[in-house]
Amino acid sequence: MRIQKLGIILTLAIVVGACGRGNDDDFRLSTTSPNTTNPASTTASNPAVMPVASYADVVSKVAPAVVTVHASRRVRQPQQYPFWDDPFFRQFFGTPEQQQPPAERLRQGLGSGVIIDANGYIVTNYHVIDGAEEIKVDFSDNRSLDARVVGTDAPSDLAVLKVEASNLPVLTLGDSDRMRVGDVVLALGNPLGVGQTVTMGIISAKGRQTGLSNGSFEDFLQTDAPINQGNSGGALVSTNSELIGINSQILSTSGGSIGLGFAIPSNMARTVVEQLINSGRVRRGQLGVTALRIPSEEAKRMGITQGPGVVVYQVQAGSGADRAGLRAGDVITALNGEQINDPNTFRNKIASTPPGSEITLNVRRDGREQQVRATLGEFTPPAERPRN
């Protein structure tokens, strides 16, 4: 569980960790029917429908697919007398006849996970298992199995584990884009190690960005369903018993839940998880621009009358954007015919497009609208970039 201070009137902290497959086909997660209706949405649109008195049926269906993840790694204790390694001190005090090597201890990490395939694939947060040497998964039937890491993706804070088991209960991924602000959701996980716990709330906002780390891809569902340490990697489910998010962070003044929780949407998780299972890594498209939100007065100066768009602040030399002729000061108003509203959404849409794909941009330059075609390169995470 990591806490980052934010300087906004009150000091707030972002707490991380609050929080059958064919032989020849690529792995594909099951999806929901487009005709599925959310009971919460039905209630909202029809006042005559009484609110649900209990979600026990939903919980009994989804709870077996939510697991506890124990991640362990050995760490060395610091030397008791580190100055013995310093030649300056040795000339006065000499070298001890026998210096004990630094002791090791086992550091335990706790999180949650969700079974997304009956043959043992489990999704959790990257930060839950980062650096782990041993990983064990506890199931609702009291089994505890060793797990191996299939793949990790730090930019999205997602990881996929595999246990040797079959016929496991699974959660079907829903369509997070269809969730509305105000829809009822349930959060499941193992907060503070007390055991599997269910909390209820609503979708408080969509498309949130917390700025946890540089290079991360964030498009969070915000919820007021209580999430605490140990909930990270757990399930955020709809009242249709569908997985619509992976709990990842909280915003807090104390380290505990104050009703500001954030989950990675299922549509982002689906893309990442399928790539990790199929190839062990995630490939993302990259245009090669730094895009910024346009202040309203600046938009007027640029003559923008349709939608806010995003302004190109910088173009990377040799990138797809550079080859396509994009310039600093250009205003991108649409991507493949879809209006662009903010830089984070634009970045996520580019990243979710495979490298090598050709895209069409609507660009406003010098008051005139034009279309630009560009071929995407491949995004390289900061940790993998060569150092100069």
| note | When (1) surrounded by 12 or more Cβ atoms within 10 Å (Cβ to Cβ); (2) among the hydrophobic types (A, V, I, L, M, F, W, C); (3) at pLDDT below 95 are applied to V59, the one that fails is (3)
| request: Being closer than 18 Å to G109 by Cβ and of a type in the set (G, A, S) is the filter; apply it to region 151-181 and report the residue that is modelled with the lowest pLDDT. | output: A154
| message | Within region 267-283, take every residue that is in a helix (DSSP H, G or I) and of a type outside the set (A, V, I, L, M, F, W, C) and give me the one that is farthest from T152 (Cα to Cα). | response | N267
| task | Evaluate region 290-307: report whether one residue or more is buried (at least 20 other Cβ atoms within 10 Å of the Cβ), among the β-branched types (V, I, T), at pLDDT 90 or above and on the phi < 0 side of the Ramachandran plot. | result | no
| Pair list, Cβ under 6 Å, 6 or more apart: region 366-378 residue more than 15 Å from R327 (Cβ to Cβ), other residue of a type in the set (D, E) | R373/E358; T375/E358
| query | Mind checking which residues of region 169-185 are within 14 Å of P64 (Cα to Cα) and assigned to a strand (DSSP E or B)? | reply | none
| task | Give I258, I244 a once-over and let me know the one that is of a type in the set (A, V, I, L, M) and modelled with pLDDT of 95 or more. | result | I244
| (1) of a type in the set (A, V, I, L, M, F, W, C); (2) closer than 19 Å to L221 by Cβ; (3) more than 18 Å from the chain's Cα centre (by Cα): which one isn't true of V170, the others all being true? | (2)
| said: Taking the conditions exactly as written (modelled with pLDDT of 95 or more and of a type in the set (V, I, T)), does V194 satisfy them or not? | reply: no
| query | Of the residues in region 239-256, how many are among the small types (G, A, S) and either surrounded by 24 or more Cβ atoms within 10 Å (Cβ to Cβ) or part of a strand (DSSP E or B) (or both)? | reply | 3
| request: Answer with yes or no whether T223 is polar (S, T, N, Q), touching a helix residue (DSSP H, G or I) at 6+ places or on another chain (Cβ under 6 Å) and surrounded by 18 or more Cβ atoms within 10 Å (Cβ to Cβ). | output: no
| Filter result (at pLDDT below 95 and small (G, A, S)) within region 122-150 | G131, A132, S140
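If only one of R323, R364, R327 is more than 24 Å from the chain's Cα centre (by Cα) and buried (at least 16 other Cβ atoms within 10 Å of the Cβ), which one is it?
On the way: R323 fails: buried (at least 16 other Cβ atoms within 10 Å of the Cβ); R327 fails: buried (at least 16 other Cβ atoms within 10 Å of the Cβ).
Going through R323, R364, R327 in turn, just one is more than 24 Å from the chain's Cα centre (by Cα) and buried (at least 16 other Cβ atoms within 10 Å of the Cβ): R364.
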| query | Across region 193-238, what is the number of residues that are assigned to a loop (DSSP other than H, G, I, E, B), farther than 28 Å from T353 by Cβ and out of contact with any Ser or Thr (no Cβ under 9 Å at 6 or more places or on another chain)? | reply | 2
| field | Verdict on V237 being in contact with a Leu (Cβ under 9 Å, 6 or more places away or on another chain), closer than 23 Å to E378 by Cα and either modelled with pLDDT of 90 or more or of a type in the set (S, T, Y) (or both) | value | no
| field | Answer from T333, T353 - the residue that is surrounded by fewer than 19 Cβ atoms within 10 Å (Cβ to Cβ), β-branched (V, I, T), modelled with pLDDT of 90 or more and closer than 23 Å to G207 by Cβ | value | T353
| said: Looking for something assigned to a loop (DSSP other than H, G, I, E, B), surrounded by fewer than 18 Cβ atoms within 10 Å (Cβ to Cβ) and in contact with a Pro (Cβ under 9 Å, 6 or more places away or on another chain) - is there at least one such residue anywhere in region 147-168? | reply: no
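Out of curiosity, is I264 touching an Asp or Glu at 6+ places or on another chain (Cβ under 7 Å), assigned to a strand (DSSP E or B) and either modelled with pLDDT under 95 or closer than 30 Å to V123 by Cα (or both)?
Yes, satisfied.
The values are calculated or read from the model by the stated rules, or taken from the named source; none is laboratory data. Every value quoted in this text rests on a predicted model; they were computed, and no experiment measured them. A quick note on method: Cβ atoms are made from the backbone with ideal geometry, for glycine too, and the neighbour counts reach across all protein chains shown.
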